[in-house]
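Structure first, then comments.
The values are calculated or read from the model by the stated rules, or taken from the named source; none is laboratory data. For clarity, every value in this text was computed on a predicted model and none was experimentally measured. Cβ placement follows ideal geometry from the backbone for every residue including glycine, while neighbour counts extend to all protein chains displayed.
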Amino acid sequence: MKIEAIETRVVRKAFAKAQWNPRTRWNEKVVVLVLLRAAGGLVGLGEAYCDGGAPDSVQALVERDFAPLVVGRSLLDLGALSSSLRETLVVSAKGGAAWAALSAIDIALWDALGQALGQPVATLLGAQRRRVPAYASAGLYGPGKTIDDLAAEMKGYVDLGFRGVKLKIAGAPFAVDIARVAAVRAAVGPDVRVLVDALYALSVPEAMRMARALEAFDIGFLEAPVAPDDIPGLARVAAASPVPLAGNEFAYGLETFTRLVESNAVAVAHLDAILCGGISEGQRIAALAASRHVTVSFHAASSVVCFAANLQLAAATPNLDSVEFHMLHRMLFDELAQGRFALVDGCVELPAGPGLGLDNHLLPTP
């Protein structure tokens, strides 16, 4: 089970027209994949979060900083390898990019180990379920996109079988955003869970005002209302909000989530395996949340590797809320055989295959 090499690959996808959330307008999506090659032809796949900048810095961290610590070791040393990668961050001052890089390697380690042992990652982690509650995520802003268009979009996801939907807010005037939420609730009916994401775009007073207005629409959670570093402000919003708060998918490492949870800032810990520290750190964060009676929702707005990693982790999380199934950011989903990630009763079925359950040979070649 010797690890022979680690390499990165950048995949890009252009969109026909620009779309935007409260903070970012884009017409291209970029992801950094990690391929971990092990003895016997095994290839473990991982992904590193790289939004908000060029992918080169994350690639360099993977290939130059972290790969030498892993290549030549055994997959059976996975726990020790993940711990040693985290230890390098104590004095590196390289922040989120380094956490994204090590997250990708950790995910690839788990994928390769699962393949070597012939078991899904969720089984190795102690699976709790074979079907994972999922919500359809999109509801962005776009040129000429009306409130009626948004409502029809969300209703379309329900027609596909989802029992929860999420839309963006805080990218339009307050009255417009409330009208958008009202239209979505009316379109999907009272039995569908509606979630909203402000993407850190509101001040504390604005977030409190928004939360009070959202109460009338039975919102499942208000995600990321204030700046991600403003944990005291988030806690103030949580104390006053009639709507549960979720956050922060841009957070990484157990210590940051400890501050979030112990400050009573969130009712739902929202994390992403491709940034938080991988599957290994994700399990530690989920356990921390469980100790404080906080549920966990997994962010996934990138490629099929990101979704598969978060799905496997979600399947092994006792205190699970949900996993995000993004309807726009779906890179490489088309490379898989049809029927993968089937939706049944509002839940995504865990693939039966080993590791992350992906057909690695279907993913892009160099």
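Per-residue answers, yes or no, for (1) in a loop (DSSP other than H, G, I, E, B); (2) of a type in the set (A, V, I, L, M); (3) in contact with a His (Cβ under 7 Å, 6 or more places away or on another chain); (4) not assigned by TED's automatic domain parsing to the domain that holds R37:
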| residue | (1), (2), (3), (4) |
| --- | --- |
| R259 | no, no, no, yes |
| A265 | yes, yes, no, yes |
| L275 | no, yes, no, yes |
| F325 | no, no, no, yes |
| V348 | no, yes, no, yes |
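Residues of the range 114-140 that are basic (K, R) and either touching a strand residue (DSSP E or B) at 6+ places or on another chain (Cβ under 6 Å) or crowded, with 24+ Cβ neighbours inside 10 Å (or both): R131 alone.
Taking the criterion of being touching a Phe, Trp or Tyr at 6+ places or on another chain (Cβ under 9 Å), more than 17 Å from A136 (Cβ to Cβ) and assigned to a helix (DSSP H, G or I), the residues of the range 287-317 that qualify are L288, A289, A308, A309, Q312, L313.
Any idea which residue in the range 16-39 is surrounded by the most Cβ atoms within 10 Å (Cβ to Cβ), counting only those that are in a strand (DSSP E or B) and free of Cβ contacts under 8 Å to residues at least 60 places away in the same chain? Reasoning before the result, please.
Narrowing the range 16-39 to residues in a strand (DSSP E or B): 16-20, 25-38.
Subset that is free of Cβ contacts under 8 Å to residues at least 60 places away in the same chain: 16, 25-28, 30, 37.
Values: A16: 6, R25: 12, W26: 14, N27: 12, E28: 9, V30: 16, R37: 18.
Ranking the candidates gives R37 first.
Taken together, the residues in the range 329-341 that are farther than 19 Å from S297 by Cα and in a loop (DSSP other than H, G, I, E, B) amount to 6. Just one residue in the set L109, L113, L124 is without any contact (Cβ under 8 Å) to a residue 24 or more places away in the chain and under 30 Å from T8 (Cβ atoms); that residue is L124. Determine if the range 272-280 includes at least one residue that is touching a residue at least 12 places away in the same chain (Cβ under 8 Å), surrounded by fewer than 18 Cβ atoms within 10 Å (Cβ to Cβ), in contact with a helix residue (DSSP H, G or I) (Cβ under 9 Å, 6 or more places away or on another chain) and not basic (K, R). No, there is no match, as no residue in the range 272-280 is touching a residue at least 12 places away in the same chain (Cβ under 8 Å), surrounded by fewer than 18 Cβ atoms within 10 Å (Cβ to Cβ), in contact with a helix residue (DSSP H, G or I) (Cβ under 9 Å, 6 or more places away or on another chain) and not basic (K, R). For residues that are in a helix (DSSP H, G or I) and either of a type outside the set (G, A, S) or in contact with a strand residue (DSSP E or B) (Cβ under 7 Å, 6 or more places away or on another chain) (or both), tally how many sit in the range 80-113. Residues meeting the conditions: 22. You will find that of R185, R193, R236, the residue that is more than 22 Å from S322 (Cα to Cα) and either charged (D, E, K, R) or touching a residue at least 12 places away in the same chain (Cβ under 8 Å) (or both) is R236 and no other.
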